[in-house]
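The values are calculated or read from the model by the stated rules, or taken from the named source; none is laboratory data. Because the structure is a prediction, the values reported are computed rather than measured. Here Cβ is always computed from backbone atoms with ideal geometry, including for glycine, and neighbour counts include all displayed protein chains.
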Amino acid sequence: MKFLITGGLGFIGSALIRKIIKETDHQVLNLDKQTYASNIFNLKSIELDKRYTFVKGDICDEILIEKLLFDFQPDYLMHLAAESHVDNSINNPSEFIRTNIFGTFSLLKNSHQYWESLPLEKKEIFKFHHISTDEVYGSQISDKLFNENSRYDPSSPYAASKASSDHLVRSWFKTYNMPILISNCSNNYGPYQFPEKLIPLTILNAIQGKKIPIYGNGLQVRDWLHVEDHSTALLDIISKGKIGETYNVGGNNQIKNIDVVKKICTVLDQLGIDKPAGSKSFRDLITFVKDRPGHDLMYGIDAQKIYKDLNWSPKIRFEEGIKDTIIWYLKNKKHYL
């Protein structure tokens, strides 16, 4: 199969591409704008593979999108390109509206034209998979986890832009019968994640002896999903998912932010990493800061649908996944510090 993947130099996109190139015979065309959160290092291990092609470009560039679709002739389009940092969306929402909403529209419009032009046998294969987030559901207000029928209630400009793009993708299925799939995932973690996110920020601040900031009281709960498990789920969805359906992908790991940070500190202590002068533990670096506006208290994914329909489940336990992630950053800190 031929995959056109947007945002493939990002954290999740690069994990997906590494898996495809290393574990299958498929071809990949990676379209990435190379924003601040993109990193060529993420795909260094496969960049010379003949089945991999990189194109620098913007998903809002309709002329480029049309050319890539008709020249490359993908069987699958997997759309991961997005502005994704909530803090940035609060301070500068315009780029989130442009990339996440108009960019998705650009891809849908041109993918529909491409799909309509295909011969019947290839037309029946093509799928457009939009990769989204659990943040579209807003904050979990009871013990009931988010499922595919949960009401959308986004809190931040980022979450609202992703909710908007989800609705656009569904409308192309309902209006034009275009073969689409949507997945909404919980918080990813693992190697290669950009340092603005909680886990890599905590690791890198700690080993530099810097303060580890925690928003509010740190009691916000997130469901943590290892990026390798997520990549496996994405390939299962694109290959086995039912057209027009949404699949929630979660790690079944609901943990308070403060406990995630304390766990990282404990592992660093156990590994014997040099602590800041006068500190008995890396926990001494934890610093509570003013909470951000609209900060959702709790997310939790009910992933029963993908468990039952596609026989997928997460394999990496958080205890082992977080330790492996910490060790990876220690070995690769020169790329991030």
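A few notes on this one:
- Subset tally (residues that are out of contact with any helix residue (DSSP H, G or I) (no Cβ under 6 Å at 6 or more places or on another chain) and either farther than 18 Å from S183 by Cα or polar (S, T, N, Q) (or both)) for region 71-96: 14
- Among the candidates F105, F146, residue that is over 29 Å from D58 (Cβ atoms) and either out of contact with any strand residue (DSSP E or B) (no Cβ under 7 Å at 6 or more places or on another chain) or not charged (D, E, K, R) (or both): F146
- Filter pass, G250 being under 25 Å from H167 (Cα atoms) and in contact (Cβ under 8 Å) with a residue 40 or more places away in the chain: yes
- Flag if I97 is out of contact with any Cys (no Cβ under 8 Å at 6 or more places or on another chain), closer than 20 Å to D166 by Cα, surrounded by fewer than 17 Cβ atoms within 10 Å (Cβ to Cβ) and touching a residue at least 40 places away in the same chain (Cβ under 8 Å): yes
- Hey, D75 charged (D, E, K, R) and under 28 Å from T232 (Cβ atoms) or not: yes
- Selection status of S171, free of Cβ contacts under 8 Å to residues at least 12 places away in the same chain, surrounded by fewer than 20 Cβ atoms within 10 Å (Cβ to Cβ) and either touching a His at 6+ places or on another chain (Cβ under 8 Å) or assigned to a helix (DSSP H, G or I) (or both): yes
So that you can scan it fast, the table gives a plain yes or no per residue for (1) closer than 23 Å to H112 by Cβ; (2) surrounded by 24 or more Cβ atoms within 10 Å (Cβ to Cβ); (3) modelled with pLDDT under 95:
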{"position": "M1", "(1), (2), (3)": "yes, no, no"}
{"position": "I5", "(1), (2), (3)": "yes, yes, no"}
{"position": "I17", "(1), (2), (3)": "no, yes, no"}
{"position": "I21", "(1), (2), (3)": "no, no, no"}
{"position": "T24", "(1), (2), (3)": "no, no, no"}
{"position": "N39", "(1), (2), (3)": "no, no, yes"}
{"position": "Y52", "(1), (2), (3)": "no, no, no"}
{"position": "F72", "(1), (2), (3)": "yes, no, no"}
{"position": "N91", "(1), (2), (3)": "no, no, yes"}
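- For region 1-20, filtered to residues that are assigned to a loop (DSSP other than H, G, I, E, B) and touching a Leu at 6+ places or on another chain (Cβ under 9 Å), the residue that is farthest from S132 (Cα to Cα) is L9.
- Restricted to region 137-165, and to residues there that are of a type in the set (D, E, K, R) and farther than 23 Å from S89 by Cα, the residue that is surrounded by the most Cβ atoms within 10 Å (Cβ to Cβ) is E148.
- Criterion applied to G244, G190, G216 was being at pLDDT 95 or above, at positive phi and surrounded by 19 or more Cβ atoms within 10 Å (Cβ to Cβ), and the one residue passing it is G190.
- Residue within region 37-49 that is of a type in the set (S, T, Y) and either touching a residue at least 40 places away in the same chain (Cβ under 8 Å) or in a strand (DSSP E or B) (or both) present: no
- Any hit, region 141-158, residues being modelled with pLDDT of 95 or more, in contact with a Leu (Cβ under 8 Å, 6 or more places away or on another chain) and not acidic (D, E): no
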